[in-house]
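Report on the following structure.
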Amino acid sequence: MATETVLGVFAHVDTTVRALEELRARGYHDLTVYTPLPVHEIEEVLERDRPVSRVRLFTLFGGLTGIASAFLLTIWSSLVWGQVTGGKYLQLVPGGIIGSSLPPFFIIAFELMVLFGGLATVIGMVVLGRLPRWRPSPAYDRRFTNDRFGVAVHCAPERAASVHELLRAAGAEEVKSR
Amino acid sequence: MSDGRTTASPTFADVNRDVLRTLEPPGNLYFAWMCFVALLLAGFFAAWAGQVWWGMGMAGKRVPQMWAMYITTFVFWIGIGHAGTLISAILYLFRARWRTSIYRGAEAMTIFAVMTAGLFPLIHAGRMWFAYFLLPYPNQRFLWPNFRSPLVWDVFAISTYLSISTVFFIVGLVPDIAALRDASTGWRRRIFSMLALGWEGSDTQWRHYRRAYGLLASLATPLVLSVHSVVSWDFAMALVPGWHSTLFAPFFVDGAIFSGFAMVLVLMLPMRHFFHLHAYIQEKHLDAMGKLILVTGLVLTYFYLCEIFTSLYSGEHIEKASLFWKVTATYAWALWTMYFCNCIAPLVLFWKRARTSPVVLYVVSILVLIGMWFERFNIIVPSLGHDFYPYTWGIYYPSPTDTMIVIGSFSFFFLLFLGFIKLMPSLSIVEVKETIPPPMRDRAHGH
């Protein structure tokens, strides 16, 4: 189905919030909101029916990978190039790993947890935020990184006129179809 | 902590304009500084080349003083690197709003300081083109990787710290570079377009960005505290008198934050003056930083007292002899300089007028930096020079080569920082906007 994008440009937070509330009340859920900074009031309206960002799963996965790889690296290295300390060295026996020196490996595990967790978090942000994008999306306007707020409504062409009216009534400075 | 809202209340557009202004082509003063720094850097490379050509004897270090100035300066720079991530991670989680105007510069400082520190193990190792000999994977050289050694922990801690600080810095920059992209034209616009990754500030992007930033801050918080703890264990795990102490981890972390904040002030005060950023870096920001320096300085004084007390109370005569030697003999001047700079000089910050006076803050910060460099010197040199066995005692005298390398490392750091302030927004556009009341048409904004 063909859709049309109607963009409203706002100068104020309260008018943007009003427009969003109105749009949601009338059943428009396919919205993109552009803001120069994260605004609490706008997030409150948008986040109501959205699940929490999945970035945290990336962090969890990265952190666990870090811990696991740190223990693999340290234990494997100590098994292959064992250093006898106090008459003991790390060895693999049928019951598991025995030896005297596991605690220092926790330091390596901590560092790699942070490293892998941090990198995975950024990868998560990039993937979920659909970055990088080499071409600006059609509704984007340069003013949205300065001091204007944008509400882009993706709707059926026959409803575009009523969306225009709604955005204007809410206080948009400028309304246009893209 | 004080609320960071600006009283004169610049608008969102003002913030964009003022930050973009800092990226205008620089004047003669900037180039004069660049030339001075570049000259010093040339001296640094000449000294390093001399050391490579004629050998490690050019540096003043001799047995038993094999760590001497290089490791002193290495620890110093790692310590400086603490303030940035402390401001961007810990103060972020505490929602200390005064951090917003200084955090970008402090983060850049962190990365450059850790990069400068990273030079020293290479310089210290001598033939740095064989540095790969230290890598045990693949292990053709039959090394025994020892994960019980604090030096190995240090490698992991510092490389993680550098990576995560860099990632943090870049993530924070993305929305700001998008703002630069939208305000610029020509080749600058093309470069910024690439660096901004196509950031548009859509609700989806902000949603994941905010969550990712919070998670990064939570990961970086224990990291900040762990890095200098691990560096301190390089010393504390050894049996050398004056090093072998459980006090070292918090002692080093506190000292690192203390010196890091001093360096932030040394960089921010001229920036505030030359870029006319008084509307963003206000007196209350200076006041907050002054308080932090004062508190960390007092805690450091407490640690110095603890160090003396544990040594005297230890019943260990070698420990006591080492302390007595430090306080009274060859390097006593360095110890007393340190006590003056780190314990006495910051006390002036008890007065609010001193905390809000850029001149006083600048002088105190410089003294703190000198004091903190000497702290690392006092830990390394006198301790190694006077350990268990009189046969191994020895005095270290700096040589022109290692002195030039230490001074030159500052030029390396300042060159990177001077480059940064003209290429990237040194104030966070997004975070400064967050401290300004958002534009409302119909009602007063009531947070």
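The values are calculated or read from the model by the stated rules, or taken from the named source; none is laboratory data. Worth saying up front: this structure is predicted, and the values here are computed from it rather than measured. Note that we place each Cβ from the backbone using ideal geometry, even for glycine, and neighbour counts take in every protein chain shown.
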- Query: How about region B:10-35: which of its residues are in a helix (DSSP H, G or I) and loosely packed, with under 13 Cβ neighbours inside 10 Å?
  - Reply: B:R21, B:N28, B:L29, B:F31, B:A32, B:C35
- Task: Working carefully through the options B:V299, B:V348, find the one that is over 20 Å from the mean Cα position of the chain (by Cα), surrounded by 14 or more Cβ atoms within 10 Å (Cβ to Cβ) and part of a helix (DSSP H, G or I).
- Result: B:V348
- Hey, does region A:26-34 have a residue that's more than 16 Å from the chain's Cα centre (by Cα), among the small types (G, A, S) and modelled with pLDDT of 95 or more? no
- Query: Just checking, how many residues over region B:100-150 are assigned to a helix (DSSP H, G or I) and away from chain A (no Cβ under 12 Å)?
  - Reply: 30
- Residue within region B:101-114 that is on the phi < 0 side of the Ramachandran plot and touching a His at 6+ places or on another chain (Cβ under 7 Å) present: yes
- Could you please find all residues in region B:220-233 being closer than 21 Å to A:F105 by Cβ and either crowded, with 22+ Cβ neighbours inside 10 Å or at the interface with chain A (Cβ under 10 Å from one of its Cβ atoms) (or both)? B:P222, B:L223, B:S226, B:V227, B:H228, B:S229, B:V230, B:V231, B:S232, B:W233
- Query: Does B:W48 satisfy the condition of being under 30 Å from B:T392 (Cβ atoms) and not in a loop (DSSP other than H, G, I, E, B)?
  - Reply: yes
- Message: Just to be sure before I move on: is A:G99 crowded, with 17+ Cβ neighbours inside 10 Å, in contact with a Phe, Trp or Tyr (Cβ under 9 Å, 6 or more places away or on another chain) and facing another protein chain (nearest Cβ under 9 Å) in the structure I sent?
- Response: no
- Query: Quick one: which of B:K320, B:K326 is farther than 23 Å from B:I80 by Cα, buried (at least 19 other Cβ atoms within 10 Å of the Cβ), of a type in the set (K, R) and over 18 Å from the mean Cα position of the chain (by Cα)?
  - Reply: B:K326
- Item | Breaking point among (1) at pLDDT below 90; (2) closer than 18 Å to B:S226 by Cα, for B:V75 | (1)
- Task: Might you check whether a residue that is farther than 15 Å from B:R148 by Cβ, loosely packed, with under 13 Cβ neighbours inside 10 Å and not assigned by TED's automatic domain parsing to the domain that holds A:R143 occurs anywhere in region A:6-28?
- Result: no
- Which residues, taken from region B:157-171, are facing chain A (nearest Cβ under 9 Å) and either basic (K, R) or surrounded by fewer than 21 Cβ atoms within 10 Å (Cβ to Cβ) (or both)? B:S159, B:S163, B:V167, B:I170, B:V171
- Task: Kindly indicate whether any position in region B:392-406 is more than 30 Å from B:D234 (Cα to Cα), among the acidic types (D, E) and in contact (Cβ under 8 Å) with a residue 24 or more places away in the chain.
- Result: no
- Task: For region A:64-96, name all the residues that are assigned to a helix (DSSP H, G or I), over 19 Å from B:P145 (Cα atoms) and either within 8 Å of another protein chain (Cβ to nearest Cβ) or hydrophobic (A, V, I, L, M, F, W, C) (or both).
- Result: A:L64
- Message: Step by step: first the residues of region A:97-107, then only those that are in a loop (DSSP other than H, G, I, E, B) and modelled with pLDDT of 80 or more, then the one that is nearest to B:F156 (Cα to Cα). Which residue is that?
- Response: A:P104
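What number of residues within region B:191-214 satisfy the criterion of being within 27 Å of the chain's Cα centre (by Cα) and either more than 7 Å from chain A (Cβ to nearest Cβ) or not in a helix (DSSP H, G or I) (or both)?
4
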- Hits in region B:235-253 - residues which are within 19 Å of the chain's Cα centre (by Cα) and surrounded by 21 or more Cβ atoms within 10 Å (Cβ to Cβ): B:F248, B:F251, B:F252, B:V253
- Query: Of these, B:A217, B:A183, which one is farther than 21 Å from B:A106 by Cα, surrounded by fewer than 23 Cβ atoms within 10 Å (Cβ to Cβ) and either at the interface with chain A (Cβ under 9 Å from one of its Cβ atoms) or not charged (D, E, K, R) (or both)?
  - Reply: B:A183
- Report yes if some residue within region B:415-431 is of a type in the set (D, E, K, R) and within 14 Å of another protein chain (Cβ to nearest Cβ); otherwise report no. yes
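To keep it simple, each residue is scored yes or no on (1) closer than 27 Å to B:P10 by Cβ; (2) over 25 Å from the mean Cα position of the chain (by Cα).
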| residue | (1), (2) |
| --- | --- |
| B:V363 | no, no |
| B:L369 | no, no |
| B:M372 | no, no |
| B:D387 | no, yes |
| B:M404 | no, no |
| B:K422 | yes, no |
| B:I429 | yes, no |
| B:T435 | yes, yes |
| B:P438 | yes, yes |
- Task: Kindly indicate whether any position in region B:58-67 is at positive phi, in contact (Cβ under 8 Å) with a residue 12 or more places away in the chain and in a helix (DSSP H, G or I).
- Result: no
- Message: Between A:L167, A:L131, which is away from chain B (no Cβ under 13 Å), of a type outside the set (S, T, N, Q) and under 18 Å from A:Y34 (Cβ atoms)?
- Response: A:L167
- Looking at A:L119, A:L112, which one is more than 20 Å from the chain's Cα centre (by Cα) and either more than 7 Å from every other protein chain (Cβ to nearest Cβ) or assigned to a helix (DSSP H, G or I) (or both)? A:L112
- Task: Answer with yes or no whether A:V9 is of a type in the set (A, V, I, L, M, F, W, C), in contact with a Leu (Cβ under 6 Å, 6 or more places away or on another chain) and either within 10 Å of chain B (Cβ to nearest Cβ) or not in a loop (DSSP other than H, G, I, E, B) (or both).
- Result: no
- Task: Assess whether B:S399 counts as being under 30 Å from B:D176 (Cα atoms), of a type outside the set (A, V, I, L, M, F, W, C) and more than 14 Å from chain A (Cβ to nearest Cβ).
- Result: no
- Give A:L37, A:L46 a once-over and let me know the one that is within 12 Å of chain B (Cβ to nearest Cβ) and assigned to a loop (DSSP other than H, G, I, E, B). A:L37
- Query: Just for region B:415-433: of the residues that are charged (D, E, K, R) and crowded, with 17+ Cβ neighbours inside 10 Å, which one is farthest from A:F149 (Cα to Cα)?
  - Reply: B:E431
